[in-house]
1. Where in segment A:327-392 are there helices (runs of 4 or more DSSP H), lying fully within it, with 2 or more residues that are open to solvent by 30 Å² or more (accessible area, probe 1.4 Å), closer than 16 Å to A:ILE424 by Cβ and modelled with pLDDT under 90?
2. Select from segment A:553-567 the residues that are touching an Asp or Glu at 6+ places or on another chain (Cβ under 8 Å) and within 11 Å of chain B (Cβ to nearest Cβ) and write down the one among them that is least open to solvent (accessible area, probe 1.4 Å).
3. What is the number of the single condition among (1) modelled with pLDDT of 90 or more; (2) farther than 30 Å from A:GLY578 by Cβ; (3) of a type in the set (Gly, Ala, Ser) that A:ALA543 does not meet?
4. With the structure loaded, tell me whether A:GLY286 is open to solvent by less than 30 Å² (accessible area, probe 1.4 Å), more than 7 Å from chain B (Cβ to nearest Cβ), part of a loop (DSSP other than H, G, I, E, B) and of a type in the set (Gly, Ala, Ser) or whether it fails that test.
5. Just one of B:ALA31, B:ALA98 is assigned to a helix (DSSP H, G or I) and modelled with pLDDT of 90 or more; which is it?
6. Do we have A:ALA516 as surrounded by fewer than 15 Cβ atoms within 10 Å (Cβ to Cβ), part of a helix (DSSP H, G or I) and modelled with pLDDT of 90 or more here?
7. Could you give every pair whose Cβ atoms fall below 6 Å, whose first residue belongs to segment A:125-137 and is modelled with pLDDT of 90 or more, and whose second residue is part of a loop (DSSP other than H, G, I, E, B) and of a type in the set (Val, Ile, Thr), counting only separations of at least 6 or pairs across chains?
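The values are calculated or read from the model by the stated rules, or taken from the named source; none is laboratory data. These numbers were taken from a predicted model, which means no experiment stands behind them. Every residue, glycine as well, gets a Cβ built from its backbone with ideal geometry; the counts of neighbours run over all protein chains shown. Areas reflect the complete protein model, heavy atoms only, side chains present, ligands, DNA and RNA absent. Shrake-Rupley method; radii C 1.70, N 1.55, O 1.52, S 1.80 Å.
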Amino acid sequence: MSVKLRNPGWYRAGLYVVLAAVLAFGLSWAVRAAYGHDTYAHFLDAESIVIIGMIALPLAFLVGIGCFDYWFYWASGRPTRPEDHSGHGAHSWRDYFRPNTDHKVIGIQYTVTSFFFLFVGGLMAMLMRAELAQPGRQFVDASTFNGLFSVHASVLIFLFIIPVFAGLANFVLPLMIGAPDMGSFASGWTAYAPLSTTAPDGQVFFTIGVQFAGASSIATALNFLVTIITMRAPGMSFFRMPLLAWANFSTSLLVVIATPFIAASQFFVLLDWALGFNFFNAAKGGDVLMYQHVFWFYSHPAVYIMMLPGFGIISEVLAVKARKPIFGYRMMAFSLLAIVVLGFTVWAHHMFVSGMQAWIRIPMMVTTAIIAVPTGIKIFSWLATLWRGVLHLDTPMLFALGFLTMFTLGGISGVMLAMVPLDIHVSDTYFIVAHIHYVLFGGSLFTIFAGVYYWFPKMTGRMYDERLGRIHFWSTLIFFNATFAPMHLIGVQGMPRRVADYADQFAGWNLAISLASFALGLSTLVFAYNMIASWRGGARASANPWRALTLEWQVSSPPPVFNFDQVPTVVGGPYEYGVPGAVHGIFGPAKPAEVKATPAGTHAEPVRE
Amino acid sequence: MEAAAISASHVHDDHHHGPPPANRSSRVEPALLGMLLFIISEIMVFGAFFTAYFFIRVVADEGTWFPVDGKDLPKLIAGVNTAILISSSFTLHWAENALKLGNRRAFRAGMVATFLLGATFLFVQINEYVHIGFSPQDHAYGTVFYGLTGLHGAHVTIGLVLLGMVTIRAFRGHFSAEEHRGVEVPGIYWHFVDVMWIVVYTTVYIL
């Protein structure tokens, strides 16, 4: 038992959590005693214990389960525990519930957990639509409704979209760039059990949850950047990387640069709330508007954090399914970087009606309109990729095409919203709700579905059911539009968002929207059934069912535990579909003569440690 | 090396005991690169606090700043403290150089000096808090002052923990002229902490 308590794992994690709870209690009690306060009369009032505990407990858990062991050993100069790779790979479904050092297992853990939160967030949306089906109050009161839409948004943004992209990339990216695993810079430290499992029913929970989510997403982003920069296969220059790698590179840059701002904004809130600081207390010289500036300086780039990885997925799917090289590869890569840069210049367009200085409006309006240009470059490049391609209209491709149309619609309403007069007119109406859902549902979620169907054979070694997949796509597309398209209309007519009750004139549309949204919710069950049933008993997938060129398809399905027996050598671009004899990567010098014949790029010989 | 790799690939082994070594596609060490990218994040954290400083000092109340309620910031003491912290960057650099030249005695002396200088800075800073005469609860200017200096103080503390570990390891005979990554990575962090203090000191105390 004592060995179990000393070695990293669930037992030590449990022990450390208990110790952290004792610390939270003791520290809070000691400090209050030192300042001459009473000890708490009742545990439920013990705010300071709760706050300290909420910071200390998750940290203690992570330390206990062994997330930082490698670092502690490295920093103290003890021999870093020789990796025996026993915690690598999954041999039974139980292994998915343990900490693991295999990027593929971590990726699947992330992805599956995120989809759990998709259903949680979706259920909340169903509840809200049930309330909104008729004017007046039916199921929930106004404050519960407020809680519902806040949690709906937080759960889907922080616990679904952002981590699910990280999960997919965690699985695919090392395979794509020919790395045996994620960065050696901190092997396995993304093995965070997905974050706050506590129900976030208070501002403080949200605040501290964001700190942890932020810290771990910065950690993940650093890991991606280091992996992409230092661990590419020989011959894989930056301009031979698949666009998914480019997309995750840009996203990670965004995360590293922007996330500290939301961490700080929540830190300000916490200090004000818990320790009586005056960041936002106007009576003592604070500035409320500052919160909005700091918050949106993160949160606007964050919408690209939720979009760019999807752009990468679409580039992969479209090129493979249209059997054509991606159009304008370099422009695709550069437009990603342009979005990263421009994303930091538009934050105040969320604040046109907030009472900020009026002169900021026009520059922000202009930059917001400009950021549609690199996005437009991508849309037109995708269209040009499709042009005269041999289209394979299976489920991933359908979702990719659905993304193209739906996201373009969302983008157009976005440009409309950039215009100050229109924005002021529809601010806080359902027009905004429609826009955000066309971008995040029709945009991000469609790319996530496309990616999950596309890599499902690679991740599980099984094929999904194509018929169910198509039913899923068509029902999603139809009911998505039936749900969110009418919101544009009632928004322009002035129905305010974030209210549980509304004027009778909107009753007809709202009933229709609610009914459509229930059907949309049901369509997700088709997806869930398809995934679970196919994973258990689908047909075995071949190594490369899509005849794709990128490296992850050149290994077995599912990939071997260590990805490659030998790191491949990249000899050409990733999207040379339809080019006779084109090869992206070859495995090792199987035939030495062949290696000489194909110039392996301009890269230096591989350097071994 | 190339020949060895090829002959190894011809031997078909059923029991692969680990992943193949990753290709190194950059000359930068992963640990070093990770630290540099992390520092970008750190700069942005300070950036957010400076945004708060800017809004509270410039936007909200038309340039009100210390002295507030007759209490001024101890520019002189903080200036001396600044010199202490900056000198620790030089001793650290000296220690690193000594290590690379194989002079272990100088390396250890440099590490001890760096650690002591950093600890002195932190001590003076805490002392300043005790005697400064206002609290973050009093007004937003105090909030920003404590926020920025406290954020920096937290970074000094983290840096000191790292340096402390390096110093202890130095006395245990770790590191050598070839193997000095474990000094360099915390060292970059410490230099960052020092440079950031110059910015904090200039904006909060001097301007």
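1. On the way: elements: A:329-342, A:361-370, A:372-386.
Where helices (runs of 4 or more DSSP H) fall fully within segment A:327-392 and carry at least 2 residues being open to solvent by 30 Å² or more (accessible area, probe 1.4 Å), closer than 16 Å to A:ILE424 by Cβ and modelled with pLDDT under 90, they are A:361-370.
2. Across segment A:553-567, the extreme among qualifying residues is A:ASN563.
3. All conditions are met except number (2).
4. Details: open to solvent by less than 30 Å² (accessible area, probe 1.4 Å): yes; more than 7 Å from chain B (Cβ to nearest Cβ): no; part of a loop (DSSP other than H, G, I, E, B): yes; of a type in the set (Gly, Ala, Ser): yes.
No: the conditions fail for A:GLY286.
5. Working: B:ALA31 fails: modelled with pLDDT of 90 or more.
Only one candidate qualifies: B:ALA98.
6. Values: surrounded by fewer than 15 Cβ atoms within 10 Å (Cβ to Cβ): no; part of a helix (DSSP H, G or I): yes; modelled with pLDDT of 90 or more: yes.
No.
7. Cβ pairs passing all conditions: A:GLU131/A:VAL140.
Yes/no per residue for (1) out of contact with any strand residue (DSSP E or B) (no Cβ under 7 Å at 6 or more places or on another chain); (2) in a loop (DSSP other than H, G, I, E, B); (3) at pLDDT 90 or above; (4) within 14 Å of chain B (Cβ to nearest Cβ):
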{"position": "A:VAL172", "(1), (2), (3), (4)": "yes, no, yes, no"}
{"position": "A:ASP181", "(1), (2), (3), (4)": "yes, yes, no, yes"}
{"position": "A:TYR192", "(1), (2), (3), (4)": "yes, yes, no, no"}
{"position": "A:THR197", "(1), (2), (3), (4)": "yes, yes, no, no"}
{"position": "A:VAL204", "(1), (2), (3), (4)": "yes, no, no, no"}
{"position": "A:ALA215", "(1), (2), (3), (4)": "yes, no, no, yes"}
{"position": "A:THR220", "(1), (2), (3), (4)": "yes, no, no, yes"}
{"position": "A:LEU225", "(1), (2), (3), (4)": "yes, no, yes, yes"}
{"position": "A:ILE228", "(1), (2), (3), (4)": "yes, no, yes, yes"}
